[in-house]
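One structure coming up, written as structure tokens, with questions to follow.
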Amino acid sequence: MSILFIADLHLCASRPAITQLFIKFLHKRLQMGDSLYILGDLFETWIGDDAIDKENQAVIDALQLLYQKQIPVFIMHGNRDFLLGDAFANATGAALIDDPCLIELDGTEVLLMHGDTLCTDDVDYQAFRLQIRNPAFCSKFLSHPIEKRIAIASQFREESRNRSKEKSAEIMDVNQTAVEQAMKKYHVKHLIHGHTHRPAQHHFKLNGTAAERTVLGDWYHQGSVLRYNGHFTLETLPL
């Protein structure tokens, strides 16, 4: 039995090989007794549960097959797909989980996050996040026709790319103080997150005792998986 963690797949029509890699991963790697946690940005963008294209439908069907096999899947919202809703959850059989979320592994609590809220040095991003995650903004966005939502999302992505070009890698990474504050708040010694696309296992001291932060990799050029079966292992999946 394994518990698998992934994040930042950014599935979209322009990268069909990654979508196929993910579907293959679901079919081949997950067996009865396993479970899967997707910690945000499963999709490059999600403009509403009513706007599903054929590539997204293939992913939904693959997740539904896991549900039929009684293999649980838990999905956390990311900064790209925070509009995943109840209709998506019903169609896939997956459970939408909060960010942050506490789980227990062999008697030890572990904190799961997408990771973007830990990037506190990126003040512009945090202000933008607060704006677009406002329920009133989300409700207004979802009230637009699909074509207009596509245009707005495209504009946001372009603006985000332009802003990122002007920022250092350090600003867009997590802030260690924010990491430690989150771990202290939830009384954990292990945090797992994505968002930064920098897969690694970081070891440090928290209140004088050993602590760990595991960062999940993205799926731009290969797959990235964290597997737990008594111990943690970061793996890559070739195309």
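Run through segment 134-239 and list the GluC sites (Glu not before Pro) located in a DSSP loop whose Cβ has at most 10 other Cβ atoms within 10 Å. Kindly include the intermediate steps, with their values, before the conclusion.
On the way: sites: GLU147, GLU158, GLU159, GLU166, GLU170, GLU180, GLU212, GLU235; in loops: GLU166.
Qualifying residues, ordered by number: GLU166.
Shifting gears a bit: Once you've got the GNM for the chain with C-alpha springs shorter than 10 Å, pick whichever of THR19, THR214, THR108 has the biggest mean-square fluctuation.
It is THR108.
A follow-up question, please. Which whole-number percent gives the relative contact order of the chain, counting Cα pairs below 8 Å spaced six or more residues apart?
On the way: 426 pairs, mean separation 56.0, N = 239.
Reported relative contact order: 23 percent.
Continuing with this model, one more query. How large is the convex hull of the C-alpha atoms of segment 92-141 per residue, in Å³?
Numbers: hull volume 5.4 nm³, N = 50.
About 108 Å³ per residue, rounded to a whole number.
Can you give me the Rg/Rh ratio for segment 3-237, using Cα atoms for both radii and the Kirkwood formula for Rh? Don't jump to the answer; show the numbers that get you there.
Values: Rg = 17.5 Å, Rh = 18.4 Å.
That ratio equals 0.95.
Where both partners of a DSSP beta bridge lie in segment 107-224, what percent of those bridges are antiparallel, to the nearest 5?
Working: 7 of 14 bridges.
Antiparallel bridges: around 50 percent, rounded to the nearest 5.
What residue among HIS77, HIS195, HIS27 has the largest mean-square fluctuation in a Gaussian network model of the chain, using Cα springs under 10 Å?
Between HIS77, HIS195, HIS27, it is HIS27 that shows the largest mean-square fluctuation.
What are the semi-axes of the equivalent ellipsoid for segment 1-101, taken as the square roots of 5 times the Cα gyration tensor eigenvalues, largest first, in whole Å? It would help to have the intermediate numbers written out before the result.
Working: eigenvalues 71, 48, 34 Å².
The equivalent ellipsoid of segment 1-101 has semi-axes of 19, 15, 13 Å.
Give me, ordered by chain and number, the residues 5 or more places off HIS190 or on other chains with an amide H under 5 Å from its own placed amide H.
HN-HN under 5 Å from HIS190: LEU111, GLU212.
Give me the dipole magnitude in Debye, nearest 20, for the chain about the Cα centre, with unit charges on the beta carbon: positive for Lys and Arg, negative for Asp and Glu. Don't skip to the end; give the middle numbers.
Details: 24 positive and 30 negative charges, 42 e Å.
Result for the chain is approximately 200 debye, rounded to the nearest 20.
Now a separate question. Based solely on its DSSP helices, what 222 nm [θ] is calculated for the chain when runs of n ≥ 4 H residues each add -39,500 (n - 2.57) and the sum is averaged over all residues, nearest 500 deg cm²/dmol?
On the way: 8 runs with 89 residues, N = 239.
Result for the chain: -11500 deg cm²/dmol, rounded to the nearest 500.
Taking amide H positions as placed in the peptide plane 1.01 Å from N, state which residues far from CYS119 in sequence (5 or more) or on other chains have amide H under 5 Å from it.
Under 5 Å from the amide H of CYS119: ASN175.
Moving on. Among THR120, THR196, THR209, which one shows the biggest mean-square fluctuation in a GNM of the chain, springs joining Cα atoms closer than 10 Å?
Highest fluctuation of the listed residues: THR209.
While we're looking at this one, here's another question. If amide H atoms are built 1.01 Å from N in the plane of the peptide, which residues on other chains or at least 5 residues away come under 5 Å of the amide H of ASP49?
Result for ASP49 returns GLY85.
Here, each number is a calculation from the coordinates, and none is a lab measurement. Predicted model, so just to flag it, every value in this text is computed and none were measured. Positions of Cβ are backbone-derived with ideal geometry, glycine not excepted, and every protein chain shown enters the neighbour counts.
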